[in-house]
Amino acid sequence: MIRTTRTTRRSAIASLAALPLGLVAAPTALADAREDNRPVPRTLYIAGDSTAAQKYAAAAPETGWGMALPFFLRPALTVANHAMNGRSSKSFIDEGRLATILASIRPGDLLLVQFAHNDEKIEDPARYTEPWTTYQDHLRQYIAGARERGARPVLATSVERRRFDASGNALPTHGEYPAAMRALAERERVPLLDIQELSLDLWQKLGVEESKRYFNWTATEQDNTHFSPLGAIEIARLTAGRLVAEGVLRTADVRRLDDDIPESWITWPEG
């Protein structure tokens, strides 16, 4: 009896150890997956603002990059997009939105956090945070909440707005917030996706005129913050690529990183 128990325990431990980092899920999920060789199901939760959020028919063609992220992930990895227009790292928590995520998140899931656009609004005390103090304090709550539930937190610097100087140089617009997030990620040993830097490089490469196609520029609107379907697809592509580069996902977890994605794949449900 003792020999059988030890053998069983060794087998169970070996099965868990063989899984890539971040793949350890609830015991029942592991057992079900092993029975038919299915990949262990996981969910990638997004906590963020309007640049990532789900958009509905009334807002079309405005598109959040979270709407396009599933195009680049294998079906076994589900996206739960909780990003919401107008929220900061502070207001998202104050409204109970982080609590909603933490009530559902499971061991092995991912929590991708991207805030700053609305944290910068110093005139609004309900949303404003200071980069090196309250912004970092609120981000720590996302990190701690995920880790306490066996999930893996991931920080992403905010995607850049479209802004150029008179010489055609793409300009950063987020002040100290990206640096504060980078410093926190290093201190807390959290994977960091530097989307701010990558998107700024992309806008510079595209230039003043071509970059308009990636934002919500229409006959009636010139929006340099929110994306067109094309822009959302490209930011989602950058995000998926960095998830692999930072070791959060395996190469097998992503797809189509080098493929053209039709803008027609984006749909806006009725709100």
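When you look at E209, is it among the charged types (D, E, K, R), out of contact with any helix residue (DSSP H, G or I) (no Cβ under 9 Å at 6 or more places or on another chain) and open to solvent by 30 Å² or more (accessible area, probe 1.4 Å), yes or no? Considered against the rule, which asks whether it is among the charged types (D, E, K, R), out of contact with any helix residue (DSSP H, G or I) (no Cβ under 9 Å at 6 or more places or on another chain) and open to solvent by 30 Å² or more (accessible area, probe 1.4 Å), E209 comes out as yes.
Restricting the search to region 91-101, which residues are open to solvent by less than 50 Å² (accessible area, probe 1.4 Å) and within 18 Å of L155 (Cα to Cα)? Talk me through it step by step, then tell me what you get.
Initial filter on region 91-101 (open to solvent by less than 50 Å² (accessible area, probe 1.4 Å)): 91-93, 96, 98, 101.
Residues satisfying the conditions are S91, F92, I93, L98, I101.
Of all residue pairs spaced 6 or more apart or on separate chains, those with beta-carbon atoms under 7 Å, a first member in region 248-271 that is loosely packed, with under 11 Cβ neighbours inside 10 Å and a second member that is among the aromatic types (F, W, Y) are P269/Y56; E270/Y56; G271/Y56.
Could you please give the count of residues in region 146-185 that are more than 16 Å from the chain's Cα centre (by Cα), under 25 Å from R42 (Cβ atoms) and part of a helix (DSSP H, G or I)?
Keep residues of region 146-185 that are more than 16 Å from the chain's Cα centre (by Cα), which gives 147-150, 161-177, 179-180, 183-184.
Among the residues that remain, those that are also under 25 Å from R42 (Cβ atoms) are: 147-150, 184.
Cutting the leftovers down to part of a helix (DSSP H, G or I) gives us 147-148, 184.
Residues flagged as more than 16 Å from the chain's Cα centre (by Cα), under 25 Å from R42 (Cβ atoms) and part of a helix (DSSP H, G or I) within region 146-185 amount to 3.
Please find, within region 103-135, the residue that is nearest to Q196 (Cα to Cα) out of those that are among the polar types (S, T, N, Q) and crowded, with 20+ Cβ neighbours inside 10 Å. Step through it out loud before you land on a result.
Kept after step one, since they are among the polar types (S, T, N, Q), are these residues of region 103-135: 104, 114, 118, 129, 133-134.
Applying the additional criterion that residues be crowded, with 20+ Cβ neighbours inside 10 Å yields 114, 118, 129.
Values: Q114: 10, N118: 15, T129: 18 Å.
Top of the filtered list is Q114.
No other residue among L139, L112 is under 25 Å from L249 (Cβ atoms), outside any helix (DSSP H, G or I) and at pLDDT 95 or above apart from L112. Output yes when any residue across region 66-80 is open to solvent by less than 40 Å² (accessible area, probe 1.4 Å), closer than 28 Å to D124 by Cα and in contact with a Gly (Cβ under 8 Å, 6 or more places away or on another chain), and no when none is. Yes, the conditions are met somewhere in region 66-80.
Within region 166-202, restricting attention to residues that are farther than 20 Å from Y128 by Cα and of a type in the set (S, T, N, Q), which residue is most open to solvent (accessible area, probe 1.4 Å)?
Top of the filtered list is S167.
The values are calculated or read from the model by the stated rules, or taken from the named source; none is laboratory data. Source: prediction; values computed, not measured. Glycine also receives a Cβ, built like all others from the backbone with ideal geometry; neighbour counts cover every protein chain displayed. The protein model used for the area step is the full one, side chains on, heavy atoms only, and it has no ligands, DNA or RNA in it. Shrake-Rupley method; radii C 1.70, N 1.55, O 1.52, S 1.80 Å.
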